Amino acid sequence: MIPVTLAACSLVWSVAASATEPSRTPTPLTPSAAPLQGSTENDCPELLSHAIRPLMGPQASPLCDAHAGKVLLVVNTASKCGFTPQFESLETLHTRYGQQGFEVLGFPSDDFRQELESEEAVAEFCELNYGVSFPMFQKVHVTAGNAHPLYRDLAAATGTYPSWNFNKYLIDRNGKVVGHYGSAVLPTGRQLVSDIEALL
């Protein structure tokens with residue numbers, strides 16, 4: 001496959017940016033108190049009990065298996081969106097706070113008609129253009145009516161489904177959703193960074 005360069009995507013981003021949702025005030029919730037010290041089948045938080053397949057992976061497993069007890073930022077991603085450059089700052093967050101128990105989890109979605117067709121193409125795009133090292137999962141639906149169960153739970157906890165690509169849900173170490181941030185909220189912006197640091 002021919003690598004997709006940032007220059008080649010710039011025209012797509014400029015067109016897509018004109019159709020993006022307006023900036024939205026983040027909606028922080030109340031974090032839980034004591035962090036989990038690992039997980040078993042019995043103490044896995046309900047939100048993390050969903051079995052989801054890694055991008056291009058052969059088998060689904062509960063999110064608890066690898067991500068319980070961590071602060072998580074769940075993001076619905078797309079490769080041809082005006083907000084696609086946020087991959088860079090999401091990777092920055094993931095590497096900056098990884099040693100403290102933080103992870104970004106990416107969920108590609110074509111609900112807004114801006115994702116590449118195959119999971120292989122998505123994986124190649126993310127690696128070649130942004131050096132993404134944080135976990136990426138199977139393509140999912142994220143909008144009301146057809147959402148993956150994980151996103152139904154996220155919406156139930158926050159009162160909102162993603163209305164565009166790169167919505168962000170912050171989850172504490174107990175698997176509780178503590179905040180939702182719209183597409184225009186920068187991953188490395190002051191508000192989100194402050195909220196992440198408060199949970200670490």
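The values are calculated or read from the model by the stated rules, or taken from the named source; none is laboratory data. This is a predicted model, so every value here is computed, not measured. Glycine also receives a Cβ, built like all others from the backbone with ideal geometry; neighbour counts cover every protein chain displayed.
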*asked:* Looking only at the range 168-200, filter to residues that are of a type in the set (S, T, N, Q) and out of contact with any helix residue (DSSP H, G or I) (no Cβ under 9 Å at 6 or more places or on another chain); which one of those is nearest to residue 53 (Cα to Cα)?
replied: 174
*Would you call residue 147 surrounded by fewer than 19 Cβ atoms within 10 Å (Cβ to Cβ) and either in contact with a Ser or Thr (Cβ under 8 Å, 6 or more places away or on another chain) or of a type outside the set (Ser, Thr, Tyr) (or both)?*
no
*State the number of residues belonging to the range 90-125 that are touching a Lys or Arg at 6+ places or on another chain (Cβ under 6 Å), more than 13 Å from residue 139 (Cβ to Cβ) and not small (Gly, Ala, Ser).*
1
*Is it the case that residue 173 is within 19 Å of residue 62 (Cα to Cα), among the charged types (D, E, K, R) and more than 15 Å from the chain's Cα centre (by Cα)?*
yes
*Which of the residues that make up the range 152-171 are part of a helix (DSSP H, G or I) and basic (Lys, Arg)?*
152
*asked:* Looking at the range 65-84 only, could you name the residues that are more than 21 Å from residue 117 (Cβ to Cβ) and within 16 Å of the chain's Cα centre (by Cα)?
replied: 66, 67, 68, 70, 71, 72, 73, 74
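For every residue, the table says whether it meets (1) at pLDDT below 95; (2) in a strand (DSSP E or B); (3) surrounded by 14 or more Cβ atoms within 10 Å (Cβ to Cβ); (4) among the acidic types (Asp, Glu).
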site	(1), (2), (3), (4)
40	yes, no, no, no
48	no, no, yes, no
58	yes, no, no, no
69	no, no, yes, no
72	no, yes, yes, no
76	no, yes, yes, no
79	no, no, yes, no
84	no, no, yes, no
*asked:* Just checking, does the range 176-185 include any residue being of a type in the set (S, T, N, Q), touching a residue at least 40 places away in the same chain (Cβ under 8 Å) and assigned to a helix (DSSP H, G or I)?
replied: no
*Examine the range 113-136 for a residue that is under 15 Å from the mean Cα position of the chain (by Cα), surrounded by fewer than 19 Cβ atoms within 10 Å (Cβ to Cβ) and free of Cβ contacts under 8 Å to residues at least 12 places away in the same chain, and state whether such a residue exists.*
no
